[in-house]
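To start, the structure itself, in structure tokens.
The values are calculated or read from the model by the stated rules, or taken from the named source; none is laboratory data. Just so it is clear, the structure is predicted and the values come from calculations on it, not from any experiment. Glycine gets a Cβ as well: all are built from the backbone with ideal geometry, and neighbour counts include every protein chain shown. These area figures cover heavy atoms from the full protein model, side chains too; ligands, DNA and RNA do not enter into them. Shrake-Rupley method; radii C 1.70, N 1.55, O 1.52, S 1.80 Å.
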Amino acid sequence: MARAASLLLLLSLLYFTTTANPTKSSSDTTFIKTSCKSTTYPALCVQSLSTYATSIQQSPRQLALTALSVSLSRAHSTKSFVTKLKKFKNLKHREIGAIADCVEEMSDSVDRLSKSVQELKHMGQAKGQDFLMHMSNVETWVSAALTDENTCVDGFSGKALNGKIKDSIKGQVVNVAQVTSNALALINKFAAT
């Protein structure tokens with residue numbers, strides 16, 4: 001059990017070091033701070049996006065794309081993290097099932113977020129109905145990804161699944177869901193412009 005806890009700690013540290021943001025920019029983050037006020041988790045929004053201020057500048061599209069890319073990166077890291085937990089010894093039968101379901105949900109989330117990033121990148125300067133169609137696709141896929149993430153967490157509900165595995169997965173997935181929720185809010189704001 002001590003070995004499992006040590007491995008879990010190591011995986012948690014690995015997750016946070018691999019998802020760390022690039023070198024912080026000294027650019028003005030006022031646009032990001034103002035935009036993040038419309039999200040559910042504004043402090044997390046600013047924290048996860050402010051290091052990209054130089055590339056975002058004052059562009060609502062680039063802000064939405066960057067938020068989506070951050071969400072995709074964290075979802076991918078979380079999927080890898082949860083996949084590694086399947087190899088732990090002495091897992092309860094329900095934990096094995098919940099982890100397998102969570103890996104599937106996170107895979108779906110990664111796929112949907114990846115499609116959303118590609119759609120937003122390749123929509124060019126679409127206008128009118130074309131713009132609305134692209135944005136509708138992105139909004140639908142990101143909403144579905146958020147549902148996948150929440151479904152993963154729901155799979156660990158109940159007292160039979162209490163413990164470090166549940167806490168560690170839940171912590172990772174909740175962070176991804178919050179970043180995804182923020183991305184969706186910024187996408188919706190961009191779509192309304």
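Taken over the range 116-130, residues that are in a loop (DSSP other than H, G, I, E, B), closer than 23 Å to Val70 by Cα and not aliphatic (A, V, I, L, M) amount to 2.
Being closer than 16 Å to Glu149 by Cβ, of a type outside the set (Val, Ile, Thr) and touching a helix residue (DSSP H, G or I) at 6+ places or on another chain (Cβ under 8 Å) holds for only one residue in Leu49, Leu113, and it is Leu113. Residues in the range 145-163 that are over 17 Å from the mean Cα position of the chain (by Cα), surrounded by 15 or more Cβ atoms within 10 Å (Cβ to Cβ) and part of a helix (DSSP H, G or I): Leu161 only.
Yes/no per residue for (1) open to solvent by 50 Å² or more (accessible area, probe 1.4 Å); (2) under 26 Å from Ile32 (Cα atoms); (3) touching a Cys at 6+ places or on another chain (Cβ under 9 Å); (4) of a type outside the set (Lys, Arg):
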residue	(1), (2), (3), (4)
Leu65	no, yes, no, yes
Lys89	yes, no, no, no
His122	yes, yes, no, yes
Lys127	yes, yes, no, no
Leu132	yes, yes, no, yes
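Filtered by the rule that a residue be free of Cβ contacts under 8 Å to residues at least 24 places away in the same chain and under 22 Å from the mean Cα position of the chain (by Cα), the range 81-99 gives Thr83, Lys86.
Counting only residues that are more than 19 Å from Arg74 (Cα to Cα) and acidic (Asp, Glu), the range 120-153 holds 1 of them. Looking at Arg74, Arg112, just one residue is at pLDDT 95 or above, closer than 23 Å to Lys37 by Cα and open to solvent by less than 80 Å² (accessible area, probe 1.4 Å), and that residue is Arg74. In the range 174-193, the residues that are under 14 Å from Arg112 (Cα atoms) and part of a helix (DSSP H, G or I) form Cβ pairs under 6 Å with partners that are open to solvent by less than 20 Å² (accessible area, probe 1.4 Å) and of a type in the set (Val, Ile, Thr), at six or more places apart or across chains, as follows: Val176/Thr78; Leu184/Val142. Restricting Thr66, Thr78, Thr54 to those that are over 22 Å from Glu149 (Cβ atoms) and either part of a helix (DSSP H, G or I) or of a type in the set (D, E, K, R) (or both) reduces the list to Thr54. Looking across the range 33-49, the residues that are assigned to a helix (DSSP H, G or I) and open to solvent by 10 Å² or more (accessible area, probe 1.4 Å) come down to Lys33, Thr34, Pro42, Ala43, Leu44, Val46, Gln47. Looking at Val142, Val173, just one residue is open to solvent by less than 50 Å² (accessible area, probe 1.4 Å), more than 19 Å from Pro60 (Cβ to Cβ), aliphatic (A, V, I, L, M) and under 16 Å from the mean Cα position of the chain (by Cα), and that residue is Val173.
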